[in-house]
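Student: Before I ask anything, let me first share the structure, which is written out below as structure tokens.
Just so it is clear, none of the values below were taken in a lab; they were calculated from the coordinates. Because the structure is predicted, anything quoted here is derived from the model rather than measured. Here the Cβ positions follow ideal geometry from the backbone for every residue, glycine too, while neighbour counts run over all protein chains shown.
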Ligand code: F0G
């Protein structure tokens, strides 16, 4: 998009019909055709302003906003955001790990790195989107904000809303949210509502309610969220000295991240900050895989399902960002794949035992890499970055059940059983000898 210098540097643009809205319009779908909106920046005007050197020069910043791994790239996220409206917790700045040898061998990958988005302030990548979305909410004077969530968006929104002084209303599926996430929403002071329905029903309800009552919507259909989430890709590339990997592999639920990653790559290439595009592989849980089903059929049809998976974060049957995500795959020669719940919990156990740790949905990405290498889709010597989306402590119940062998319907393939002893040295000696101590033998 090119425009005269007097025109705004960013607009809201419909991805289907191209109709534009001003940036301060709190709308989430196109007023003309109902399509998804994206924030489109005038890249020609940004071109002389951005460079690898600019982003590198901000790495040592200690003050907000540039100490944030989102606002470091402000020109490509929300160039017009006034400093006084930026709601930030210094999010991002997450580690990019080279996987330890044992995990690499288990996956079958020679060159695998893990971008750990669970290291954000509230323990998931959602903080990167939330700082963008909440800044816009603050800018337009919102007093109430709402989201539907499988738990991480709500935790993040509750925290950022508290900082912004905006009332947070979070809606999640009753009984289908991990304990760590539920606790966060309550602790950060949100109006926390359990809905007797699944995530898809929650999102329907919230979209209707925000329209009807003029509440600011903070799900990832909010395009300012996706602008923040693009920085996962920016930061990962900067950590790699702007060398693009062959593959970026991530879990897919509502498909906001998949959409954001495609937009990030498109913009970086247009600005000459990278010279080639990695391929994106989206991994869905077998029982929550509408996008995979459509991908398999060349996107002839948009599927929806009633979702079932132990990875509650991605238990989503009607992904809101479906169309944008499809474009990401088209842009990058990307693919979709599925993994079973057993593969997810086993991959999680291996990532955890490597000392890195993540929540179940995140492990889908590593389980996916393992499967794609085993099937010959990814070569073992290719350069791969898998994204871990959430922190290990988000879902402690699943961990304990898995390792105790009490996770219903699952094998605890890599169990590390908790042991109980009497308080005497004899018991300790028995432990050290490994006598009758299930799980103490080398795994
Ligand atoms: N991983 C984690 C840990 C998540 O919380 C989510 C989504 C995803 C992956 C999927 O990302 O939706 O961009 O495809 N969680 C949302 C929530 C839906 O409400 O917290 P996506």
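Student: Where a ≥ b ≥ c are the square roots of the eigenvalues of the C-alpha gyration tensor, would you call the stretch 231-379 rounded, which needs a/c under 1.5, or, failing that, prolate if a/b is larger than b/c, or oblate?
Tutor: Oblate.
Student: Return the distance in nm (one decimal) between the two label points of a simple spin-label model at residue 426 and residue 25, each offset 7 Å from Cα along Cα→Cβ.
Tutor: 7.9 nm
Student: Within the P(r) computed for the stretch 38-197, what percentage of the Cα pairs occupies the region above 26 Å?
Tutor: Of all Cα-Cα distances in the stretch 38-197, 39 percent exceed 26 Å.
Student: Something else about it: From the Cα trace of the stretch 124-255, what convex hull volume per residue do you get, rounded to a whole Å³?
Tutor: Expressed per residue, the convex hull around the Cα atoms of the stretch 124-255 is 111 Å³.
Student: If you count, for each residue, the other Cβ atoms within 10 Å and average over each peptide, how do 252-262, 292-302, 183-193 line up from highest to lowest?
Tutor: 252-262, 183-193, 292-302
Student: So if R0 is 41 Å, what FRET efficiency would residue 196 and residue 417 give, r being the distance between their Cβ atoms, rounded to the nearest 0.05?
Tutor: 0.70
Student: Additional query: For the stretch 99-113 and the stretch 272-321, what is the separation of their C-alpha centers, rounded to whole Å?
Tutor: 24 Å
Student: For the stretch 221-263, take the convex hull of the Cα atoms, compute a quarter of its surface area, and give me that in nm², please.
Tutor: 3.0 nm²
Student: Of 323, 345, 366, which has the largest mean-square fluctuation in a 10 Å C-alpha GNM of the chain?
Tutor: 323
Student: Could you check which residue among 368, 151, 272 shows the biggest mean-square fluctuation in a GNM of the chain with a 10 Å Cα cutoff?
Tutor: The residue that fluctuates most here is 272.
Student: Helix-only mean residue ellipticity at 222 nm, the chain, DSSP H runs n ≥ 4 weighted -39,500 (n - 2.57), per residue, nearest 500. What is it?
Tutor: Numbers: 17 runs with 167 residues, N = 443.
Calculated mean residue ellipticity at 222 nm is -11000 deg cm²/dmol.
Student: Also, I was wondering about something else. Give the calculated FRET efficiency between residue 408 and residue 54 to the nearest 0.05, with a Förster radius of 60 Å applied to their Cβ-Cβ distance.
Tutor: 0.70
Student: Next question, about the same structure. In nanometres, what is the gap between the two model label sites at residue 187 and residue 174, each 7 Å from Cα along Cα-to-Cβ?
Tutor: With each label placed 7 Å out from Cα toward Cβ, I get 2.6 nm.
Student: Kindly state, as a whole number, the per residue volume in cubic angstrom of the convex hull around the alpha carbon atoms of the chain.
Tutor: Per residue, the Cα convex hull of the chain comes to 154 Å³.
Student: Cα axis of helix 126-139 to longest principal axis of the chain: angle in degrees, 0 to 90, nearest 10?
Tutor: Compared with the principal axis, the helix lies near 30 degrees.
Student: Once both axes come from the Cα atoms, what is the angle between helix 199-213 and the longest principal axis of the chain, in degrees from 0 to 90, rounded to 10?
Tutor: Roughly 30 degrees between the two axes.
Student: Also: Show me the three semi-axes of the equivalent ellipsoid for the stretch 314-443, from the C-alpha gyration tensor (sqrt of 5 times each eigenvalue), largest first, rounded to whole Å.
Tutor: Its equivalent ellipsoid spans semi-axes of 37, 17, 12 Å.
Student: For the chain, give me the percentage of DSSP beta bridges that are antiparallel, rounded to the nearest 5 percent.
Tutor: In the chain, DSSP labels about 30 percent of beta bridges as antiparallel.
Student: For the stretch 335-394, compute Rg over Rh where Rg is the Cα radius of gyration and Rh is the Kirkwood radius from the inverse mean 1/r over Cα pairs.
Tutor: Using only Cα positions, Rg/Rh for the stretch 335-394 is 0.96.
Student: Using mean Cβ contacts within 10 Å as the protection proxy, how do 10-21, 46-57, 327-338, 311-322 order, highest first?
Tutor: Peptide ranking by packing, descending: 311-322, 327-338, 10-21, 46-57.
Student: Right, next: Can you give me the P(r) profile for the stretch 270-354? Cα pairs, bins 10 angstrom wide beginning at 0, each as a whole percent.
Tutor: Bins of 10 Å from zero give 17, 42, 28, 13, 1 percent of pairs.
Student: What is the angle, in °, between the Cα long axis of helix 360-374 and the longest principal axis of the Cα atoms in the chain? Nearest 10 is fine, range 0 to 90.
Tutor: Roughly 80 degrees, rounded to the nearest 10.
Student: Okay, moving on. Can you put 351, 86 in order of Cβ neighbours within 10 angstrom, beginning with the fewest?
Tutor: Ordered from fewest to most neighbouring Cβ atoms within 10 Å, 351, 86 come out as 86, 351.
Student: Take residue 342 and residue 143, extend 7 Å from each Cα along the Cα→Cβ direction, and tell me the distance between the two endpoints in nm.
Tutor: Each label point is offset 7 Å from its Cα along the Cβ direction, giving 5.5 nm.
Student: Name the shape class, rounded, prolate or oblate, that the alpha-carbon gyration tensor gives for the stretch 1-113, where a ≥ b ≥ c are the square roots of its eigenvalues, rounded holds for a/c under 1.5, and otherwise prolate holds if a/b is larger than b/c and oblate otherwise.
Tutor: prolate
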